[in-house]
Amino acid sequence: MDILTFITAPLIISLLSGSLALIIVVVDSLVNNYPDFTIDINNGRKKLTTKGGSSLLVTLSSQGIFIPSACGGKASCGACKVKIESDVGAILPTELPYLSEEEKKDNIRLACQIKLKKDIKLLIPQDLLYVRQFDATVESITELTYDIKQIRLKLLSPDSIDFKAGQYVQLIVPPYGQIPEKTQRAYSMSSTPSDNHHVELLVRFVPGGLLTTYVHKFMRVNEKVVFTGPFGDFFLRDTKADMICVAGGSGMAPIKSIVYDMYEKKIFDRSIWYFFGAKSTRDLFYLDELKELGQLMPSFHFIPALSNPDHSDNWNGETGLITNILDKYLKSVISNSSQKEAYLCGSPGMIDATVKVLNANGLVSEKIYYDKFA
Ligand SMILES: Cc1cc2nc3c(=O)[nH]c(=O)nc-3n(C[C@H](O)[C@H](O)[C@H](O)COP(=O)(O)OP(=O)(O)OC[C@H]3O[C@@H](n4cnc5c(N)ncnc54)[C@H](O)[C@@H]3O)c2cc1C
Ligand code: FES
């Protein structure tokens, strides 16, 4: 396969499947004349009257209720779970990979896979009723590495956002090139809640990826964008426990937000050990900033590690897989007498491997919090 085919094939596949889905929706709405019906949310706390035919996810967002949907409704993230309290038909094969046996018994379903055909009752976390849609303008785009860009958004309407450090937003980008539909994906905020008129995101380029191709090749300063949020339960727990943070690549975003938020709030009584894994020096960023933070906040220890440094890197820091470095520090550097919590962010593979190391060193899974960038 040549490089051009490698890059364009996923875009073409997405384009074809997107077009097919659109045709099916249009034909369906012409053939089936759906009546008005009611969506009852949280035992009558909110009641919506709407037309049928679309997915529950799309219908709710058209009515200002935003359910997390990292994949934009393609049944490939499992983020859009809701509890259904009425009959909506059997679980679809597309939902099965994301539902545990317990969730199936509990009538948890993927909102993007439920098509609205009659009145429906559902339960969602109360916080989701406060998620808003924001109009913003791209204030700056900064290249942090060859494949990670920092996007700084200035909020226009509403012009401020309340969130907890570590949470994420759903960025929505317009149709572009041969992509006929809007695309939305999840991005953690790397800025702190104190700057509530701005949101910063770190977006790593994924070859063939719809949204990251837009951000890296088409997005321009001053253009308008839309996002929804805040979402997620990856945020600092209010305890006195010491913290083990582990991230790789753009997984830096929520951890950066959390540690700078702690600095701003003068939370200096919890040791923070932040392990950041990269291949070589060209994958490192914010090194100077985080080293400086360590000087301002002695409870913060930053340990970047390279798994595959080049000779030309002149690297004299830690070398090896981040999980091995973590294991070494847990066994020989970090005191094992204190209570600990872990905050992890990055690829699913990195997180699964890190959880194993933490468990083997005595951290129970209930004290390990993470966002998998899947
Ligand atoms: C809670 C959360 C927070 C996140 N925060 C961040 C963050 O801060 N920074 C960050 O960079 N990422 C983050 N992510 C990941 C992000 O949401 C996106 O998944 C990622 O940026 C890729 O998006 P994309 O649209 O470019 O790729 P996609 O279009 O979703 O494609 C992903 C992969 O699938 C392939 N593909 C696409 N369509 C098809 C198809 N039809 N058939 C076969 N293959 C296909 C692509 O080639 C690519 O390899 C987060 C994810 C979650 C769940
Ligand atoms: S939105 Fe991703 S699975 Fe439903």
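Can you work out the FRET efficiency for the pair residue 129 and residue 360, with r the C-beta to C-beta distance and R0 = 35 Å, to the nearest 0.05?
Working: r = 41 Å, r/R0 = 1.16.
So, using R0 = 35 Å, E works out to roughly 0.30.
Defining a contact as two alpha carbons under 8 Å apart and six or more residues distant in sequence, what relative contact order in percent does the chain show?
Details: 708 pairs, mean separation 49.0, N = 374.
Relative contact order, the chain: 13 percent.
Size of the dipole of the chain about the Cα centre, Lys and Arg at +1 and Asp and Glu at -1 on the beta carbon, nothing else charged, in debye to 20?
Working: 40 positive and 41 negative charges, 121 e Å.
Computed about the Cα centre, the dipole is about 580 debye.
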## Note on the structure
For the chain, the charge dipole (Cβ of Lys, Arg +1; Cβ of Asp, Glu -1; about the Cα centre) points to a positive end, and the Cα of 198, 131, 58 closest to that extreme belongs to 58
### Query
Given H placed on each backbone N at 1.01 Å, which residues far from residue 64 in sequence or on other chains put an amide H within less than 5 Å of it?
none
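In this model, which of 46/81; 81/266; 182/279; 182/356 are farther than 28 Å apart at the alpha-carbon? Write down the numbers at each step before the final one.
Details: 46/81 18 Å; 81/266 36 Å; 182/279 33 Å; 182/356 38 Å.
Going by Cα-Cα distance, 81/266; 182/279; 182/356 fall outside the 28 Å limit.
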### Peptides ranked, highest mean first, by Cβ atoms within 10 Å: ranges 238-250, 41-53, 344-356
238-250, 344-356, 41-53
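Quick check for you: with a 1.4 Å probe and neighbouring chains kept, what is the accessible area per residue of the range 228-374, in Å²? Working shown, then result.
Details: 7010 Å² over 147 residues.
Averaged over the residues of the range 228-374, the accessible area is 48 Å².
Determine the dipole magnitude for the range 131-231: charges of +1 sit on the beta-carbon of Lys and Arg, -1 on that of Asp and Glu, nothing else is charged, the reference point is the Cα centre, and the result goes in debye to the nearest 20. Intermediate results must be reported in sequence, preceding the final value.
Details: 11 positive and 10 negative charges, 40 e Å.
Roughly 200 debye for the range 131-231.
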#### Entry: For the range 345-358, 3J(HN,Hα) per residue [Karplus equation, 6.51 cos²θ - 1.76 cosθ + 1.60, θ = phi - 60°, Hz, x = Gly/Pro]
8, x, 6, x, x, 5, 5, 4, 5, 5, 4, 4, 5, 5
### Query
Heavy-atom accessible area per residue, the range 149-213, 1.4 Å probe: how many Å²?
37 Å²
### Message
To check you understand DSSP bridge types, tell me what percent of the beta bridges within the chain (both residues inside) are antiparallel, rounded to 5.
### Response
60 percent
### Task
Tabulate in residue order the Karplus-calculated ³J(HN,Hα) for the range 172-189, using 6.51 cos²θ - 1.76 cosθ + 1.60 with θ = phi - 60°, rounded to whole Hz; enter x for Gly and Pro.
10, 10, x, x, 8, x, 9, 8, x, 10, 5, 10, 10, 9, 8, 9, 6, 7
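Whenever you get a sec, compute what percent of the accessible area on the chain sits on carbon and sulfur atoms (1.4 Å probe). Could the numbers behind the result be given before it?
Details: 9900 of 18590 Å².
The computed percentage sits at 53.
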### Where a label projected 7 Å from the Cα of residue 146 along Cα→Cβ would reach, residues of the range 221-252 with amide N under 20 Å
248-252
#### Entry: Length gained when the stretch residue 314-residue 101 is fully extended (0.36 nm per residue, less Cα-Cα span)
71.6 nm
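Using the beta-carbon distance between residue 335 and residue 264 and R0 = 22 Å, what value does 1/(1 + (r/R0)^6) give for FRET efficiency, to the nearest 0.05?
Numbers: r = 26 Å, r/R0 = 1.18.
Given R0 = 22 Å and the Cβ-Cβ separation, E is 0.25.
Just how large is the dipole of the range 229-374 about the Cα centre, in debye to the nearest 20, putting +1 at every Lys and Arg Cβ and -1 at every Asp and Glu Cβ?
Details: 15 positive and 18 negative charges, 61 e Å.
With only Lys, Arg, Asp and Glu charged at Cβ, the dipole is about 300 debye.
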### Query
With the other protein chains left in place, how much accessible area per residue, in square angstrom, belongs to the range 45-128 at a 1.4 angstrom probe?
50 Å²
### Message
As a quick test, which of the pairs 164/224; 265/372; 74/105; 224/291; 83/164; 331/372 have an alpha carbon distance above 30 angstrom in this structure?
### Response
224/291
### Query
How many nm separate the modelled label positions at residue 62 and residue 181, each set 7 Å beyond the Cα in the direction of the Cβ?
1.3 nm
## Note on the structure
If unit charges are put on Cβ atoms (+1 for Lys and Arg, -1 for Asp and Glu) and the dipole of the chain is taken about its Cα centre, the option from 218, 140, 309 lying farthest towards the positive end turns out to be 218
### Query
Mind listing the phi-derived Karplus ³J(HN,Hα) values for the range 50-56, rounded to whole Hz, using 6.51, -1.76 and 1.60 with θ = phi - 60°, and x for any glycine or proline?
8, 7, x, x, 9, 6, 4
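The values are calculated or read from the model by the stated rules, or taken from the named source; none is laboratory data. Everything quoted here is computed from the prediction, not taken from an experiment. Every residue, glycine among them, receives a Cβ derived from its backbone with ideal geometry; neighbour counts consider all protein chains shown. Just the protein is used for accessible areas: all its heavy atoms, side chains included, with ligands, DNA and RNA removed. Shrake-Rupley method; radii C 1.70, N 1.55, O 1.52, S 1.80 Å.
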